[in-house]
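Everything on this sheet refers to the single structure shown next.
The values are calculated or read from the model by the stated rules, or taken from the named source; none is laboratory data. All values reported here derive from a predicted model rather than from experimental measurement. Because the Cβ atoms are built from the backbone with ideal geometry, glycine has one as well, and the counts that use them run over all protein chains shown. Calculation scope for accessible area: heavy atoms of the full protein, side chains included, ligands and nucleic acids excluded. Shrake-Rupley method; radii C 1.70, N 1.55, O 1.52, S 1.80 Å.
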Amino acid sequence: MTMIKRIIFGKPFATGTVITPIDSQDKYPNLIVNENNGYDLTYPLGEKTRILGLGEATGPVNKRGMLKISLNSDTANHADDNYSLYSSHNFLLLEGDTHLGIFVDSAARVVFDLGHSDPTLLQIHSDHPFSLYLIEGDSSDAICQEFRSIIGESYIPPLWGFGYGQSRFSYFSQAETLKVAKKYRKHRLPLDYICLDIHYMEKFEDFTFDKERFPDVPELTKELKESYGVHLVPIVDAGIKVQPGSPAYEDGIKGDYFVTNKEGKPFQAKVWPGMTHFVDFLKDGASEFFGKQFEFYAQQGIDGFWLDMNEPSIFASEYSLNRPKADKKKEGGPYWEGNGFLSDYQSFFHDYQGTKINHYDVHNLYGGLLSKAVYEWGTAYFGHRFFSFGRSTYIGSHRYGGIWTGDNHSGYDHLLLNIRMMPGLNMAGFLFSGADTGGFGGNCSRDLLLRWLQFSIFTPLLRNHSAIFTKRQECYAYRGRKDFRTVLGLRYRLLPYIYSEYLRCVKQNDLLLKPLSFLYPDDPKAVDIEDELLFGDGLLLCPIHEKAKGRHVYLPEAMTLVRYDGENFHTESYEAGEHYLSYSTKEVCFFLRSGKSFIYGDFALTTSEVNLTAVKKIGDAPYTQYFDDGISLDSSTLQKRDI
C-alpha cells in the first residue's frame, strides 16, 4: 500500500515532470520548513536509514553522509565527492528504519545535505519555489513503482538501439567510418551503430557535414545499413553557430527563437564552433523550429541522434570572453563545478508565455526540453521509434530519450562508479542508460575493457567511446579478439531476455537494475553490498571492478551460477552465503535466482539477425516473455507469452 502527498512551496515553475494530478496539502509529520532566503526543509534520519537515489549523482548507492547539488554542469572530472554532474534527478529514497520517497520538483538549484552537516538530519535547500512529493510505502520497490507511475513511461528505443555501438572523438572521414564497420565484420564482432563526434561537421557547426571528409553521406548511410547492418548516429550540440547564411541561424533569427541577453538581443555563448545562440525551448514555436532542423540528417538516411553539450555547456559568453579562467571558481562559489562562469547562466533570458524568465531559475530543464523537442519532431517525422540519447536531463525527459553518463575516465574506479550509478538512474525513470564503456578519457587496457563489457552488456545503452589522442578502443584493436566476441556475442544472445525485461519494466514501472536491498531488506549483509546488482526479474550481476582473477560474492539465497564461455552456458548450484568466484576475461558470469529462469537465442552480428521468439530457456520456472516488432510507437504489437 502506497500513498502520495504533495506540498507546494510558493509558486513553482511547472516542470511537466509529474503527469498525474495530485491534490496538495499543507504539512507533513516530522518535516520542518523554514522559508528564509529560499526554502529549507529538515527531516530526521533514523540510525539505520539509508539514502538512495539522486539519479546520475556520483558516490555510493547509499549516499548518506554526502552533499549533492542539483545544478546541471559540464563536469569532466567524475569522483565520488562531486557535487553535480550533467543532470538533476531530484528523487530520494529513504529505506531501513522507514520507507519514504521524496521528489523535489524544482527547475532551479537544489542542495541535498544527506546527513553531511548533521548525521541525524536530511536537509534540503531550494533557491526557488517547488512542489514536494512524499511517497509512503512498505517497500523500496513499491515506492519506486508508485513514483514511476506518476512521471510517465520510460522511452523505448528501436530494437537496434539495444545493440552495441562504437564511438570515438572522432572518426574524421567517411572512409574511416566505413573502415570501422568493415573491421567489426571482418573479425565477426557484433555492431549496430557508429557514432560520429563533432569532427564530421564543417567547423563544428550543427546540421552540416564537412564536404571534403564526408562527401556523400546518403551513400555512407546506405552502405553501412545494406552491407553491414549498421546505423550512423551523429552528435548534435545545443549551440547554433552565429553564421549568417546558414539555414538554422537565419530561421532562428527570423522566428526570434533564441534566448536573449540583458539588452534583449540574442545571447551569444562560445562553444566548439565559436559564438553560438541557444534555442529558447520555453517560447512558443521554438521547439518545433529546432526539431525541424533534424530533417537535414533524416533526409540523408540517419535515424539516430546523440545530443550533447545540452546543459547548455558554455566555455565563455559575450560577457565573460576576456575574463581570467581563475575567476570561474571564485565567482561560482564552493558548489560550482561547471567549466564556464556561473554568471553566464544568469545573463540570459527565456520568453515563457510573454513573461521574461532568467535562465538560472529554470536551468535544470534545458537539456530535457531539447530532448523533448527532438523526440516530438522525430516521432512525427519517422512515424516510428527512433534512437536518441543525451547528456543533460531532468526527471520527465526519461520519456523522450536515453541518457549516457558523460565524460568518464578509463579506470576501474569509474567502472565501479558506473555500477553504483545505474540503480539511481532507474529510480528516476531513465531505464535506457549507460556509460562510455571502457572510459572516455585515458588509455583503456584490454583487461579493463573486457571487465567493463562484462557489466555493460547488461545496461540497455551499450556504447564504447574514447577521446581524441587516446589509445584506439575499438574491440578489434586489442589482441585476443575471441574474448570480445564472447562478451559481445552474449549481449546479442541474451537480447530476447534483456529486451523482454526492459519492456516489462516500462509497462510495470519497475526498475531494470536495482540494489540487493530492494529484494532482501532484512538481510544486513545484502543491504550493504553495492557492487552486486539485481537485473530484471531473475538475475544477480557480480561484475569485477578491479585488476583481479575473481571476486568475493555474497548470495542472500541459494542461486545458480551461469558461466558463458562463448559457446555454451554452464550452470552450477551455489548455497546462500559468501563465496569466492573465479572469473576470467574469457567468459561472462552471473547468477540465476531460485525459482527464476531466463531465455536466450543464437549468436548474431546485428539486432536485425536476432529472432526474439526463437529462444531456449535456462531454469525450471516458467518465464513470461514480452516482445514486439521493435519499431512501432504504440503498444499494438506488444505481446506476452509464457515459456
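Numbers for the structure displayed
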item: Qualifying positions in the stretch 237-278 - farther than 21 Å from Ser343 by Cβ and not in a loop (DSSP other than H, G, I, E, B); result: Asp237, Ile240, Lys241, Pro247, Ala248, Tyr249, Glu250, Asp251, Gly252, Ile253, Lys254, Gly255
item: Contacts under 6 angstrom Cβ, first residue in the stretch 362-380 being of a type in the set (Asp, Glu), partner buried (at least 23 other Cβ atoms within 10 Å of the Cβ), 6 or more apart; result: none
item: Qualifying position, being of a type outside the set (Val, Ile, Thr), assigned to a loop (DSSP other than H, G, I, E, B) and within 25 Å of the chain's Cα centre (by Cα), among Pro215, Pro190; result: Pro190
item: So Ser170, is it outside any strand (DSSP E or B), open to solvent by less than 10 Å² (accessible area, probe 1.4 Å), more than 23 Å from Trp377 (Cβ to Cβ) and at pLDDT 95 or above; result: yes
item: Gly255 surrounded by fewer than 19 Cβ atoms within 10 Å (Cβ to Cβ) and within 16 Å of Gly274 (Cβ to Cβ); result: no
item: Test: residue in the stretch 284-301 that is out of contact with any helix residue (DSSP H, G or I) (no Cβ under 6 Å at 6 or more places or on another chain) and under 20 Å from Asn358 (Cβ atoms); result: yes
item: Extreme residue, least open to solvent (accessible area, probe 1.4 Å), among residues of the stretch 616-634 that are without any contact (Cβ under 8 Å) to a residue 24 or more places away in the chain and not in a strand (DSSP E or B); result: Asp629
item: Hits in the stretch 126-163 - residues which are out of contact with any Phe, Trp or Tyr (no Cβ under 9 Å at 6 or more places or on another chain) and farther than 20 Å from Leu94 by Cα; result: Gly152, Glu153
item: Residues of the stretch 139-167 that turn out to be under 26 Å from Leu519 (Cα atoms) and either modelled with pLDDT under 95 or open to solvent by less than 20 Å² (accessible area, probe 1.4 Å) (or both), as a count; result: 10
item: Residue ID - most open to solvent (accessible area, probe 1.4 Å), chosen from residues in the stretch 323-341 that are touching a Ser or Thr at 6+ places or on another chain (Cβ under 7 Å) and without any contact (Cβ under 8 Å) to a residue 60 or more places away in the chain; result: Glu331
item: Residue in the stretch 240-252 that is surrounded by fewer than 21 Cβ atoms within 10 Å (Cβ to Cβ) and among the β-branched types (Val, Ile, Thr) present; result: yes
item: Only one of Leu592, Leu612 that is of a type outside the set (Gly, Ala, Ser) and either touching a Lys or Arg at 6+ places or on another chain (Cβ under 6 Å) or outside any strand (DSSP E or B) (or both); result: Leu612
item: Every pair of residues 6+ apart whose Cβ atoms lie under 9 Å, when the first sits in the stretch 9-33 and is within 15 Å of Leu134 (Cα to Cα) while the second is in a loop (DSSP other than H, G, I, E, B) and open to solvent by 90 Å² or more (accessible area, probe 1.4 Å); result: Val33/Lys27
item: Pairs where the first residue, in the stretch 95-123, is among the basic types (Lys, Arg) and the second is open to solvent by 40 Å² or more (accessible area, probe 1.4 Å), C-beta under 6 Å, 6+ apart; result: Arg109/Asp127
item: Phe535, sole failed condition from (1) of a type in the set (A, V, I, L, M, F, W, C); (2) out of contact with any strand residue (DSSP E or B) (no Cβ under 6 Å at 6 or more places or on another chain); (3) open to solvent by less than 60 Å² (accessible area, probe 1.4 Å); result: (2)
item: Complete set of residues in the stretch 279-325 that are assigned to a helix (DSSP H, G or I) and among the basic types (Lys, Arg); result: Lys292
item: Conditions (1) open to solvent by less than 80 Å² (accessible area, probe 1.4 Å); (2) in contact with a helix residue (DSSP H, G or I) (Cβ under 8 Å, 6 or more places away or on another chain); (3) of a type in the set (Val, Ile, Thr); number of the one not met by Thr49; result: (2)
item: Residue in the stretch 261-272 that is within 23 Å of Asp361 (Cα to Cα), open to solvent by 10 Å² or more (accessible area, probe 1.4 Å), among the aliphatic types (A, V, I, L, M) and touching a helix residue (DSSP H, G or I) at 6+ places or on another chain (Cβ under 9 Å) present; result: no
item: All positions within the stretch 116-138 that are open to solvent by less than 10 Å² (accessible area, probe 1.4 Å) and in contact with a helix residue (DSSP H, G or I) (Cβ under 6 Å, 6 or more places away or on another chain); result: Ile135
item: For Met275: the one exception among (1) more than 24 Å from Ser88 (Cβ to Cβ); (2) touching a His at 6+ places or on another chain (Cβ under 6 Å); result: (2)
item: Options Lys241, Lys265; residue that is basic (Lys, Arg), free of Cβ contacts under 8 Å to residues at least 60 places away in the same chain and out of contact with any strand residue (DSSP E or B) (no Cβ under 7 Å at 6 or more places or on another chain); result: Lys265
item: Residue match in the stretch 155-163 (condition: among the small types (Gly, Ala, Ser), without any contact (Cβ under 8 Å) to a residue 60 or more places away in the chain and touching a helix residue (DSSP H, G or I) at 6+ places or on another chain (Cβ under 7 Å)); result: no
item: From Ser70, Ser84, Ser117, residue being modelled with pLDDT of 95 or more, small (Gly, Ala, Ser), touching a strand residue (DSSP E or B) at 6+ places or on another chain (Cβ under 7 Å) and farther than 30 Å from Gly442 by Cβ; result: Ser117
item: Unmet requirement for Ser517, which otherwise passes all of (1) assigned to a loop (DSSP other than H, G, I, E, B); (2) open to solvent by less than 10 Å² (accessible area, probe 1.4 Å); result: (1)
item: Positions within the stretch 198-225 being within 26 Å of Arg481 (Cα to Cα), touching a strand residue (DSSP E or B) at 6+ places or on another chain (Cβ under 9 Å) and open to solvent by 10 Å² or more (accessible area, probe 1.4 Å), in sequence order; result: Lys225
item: Residue match in the stretch 287-303 (condition: aromatic (Phe, Trp, Tyr), closer than 21 Å to Thr15 by Cβ, open to solvent by less than 20 Å² (accessible area, probe 1.4 Å) and within 26 Å of the chain's Cα centre (by Cα)); result: yes
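Okay, residues lined up against (1) among the hydroxyl-bearing types (Ser, Thr, Tyr); (2) more than 21 Å from Arg168 (Cβ to Cβ):
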{"site": "Ala467", "(1), (2)": "no, no"}
{"site": "Arg472", "(1), (2)": "no, no"}
{"site": "Leu488", "(1), (2)": "no, no"}
{"site": "Ile498", "(1), (2)": "no, yes"}
{"site": "Tyr502", "(1), (2)": "yes, yes"}
{"site": "Gln508", "(1), (2)": "no, yes"}
{"site": "Leu513", "(1), (2)": "no, yes"}
{"site": "Asp528", "(1), (2)": "no, yes"}
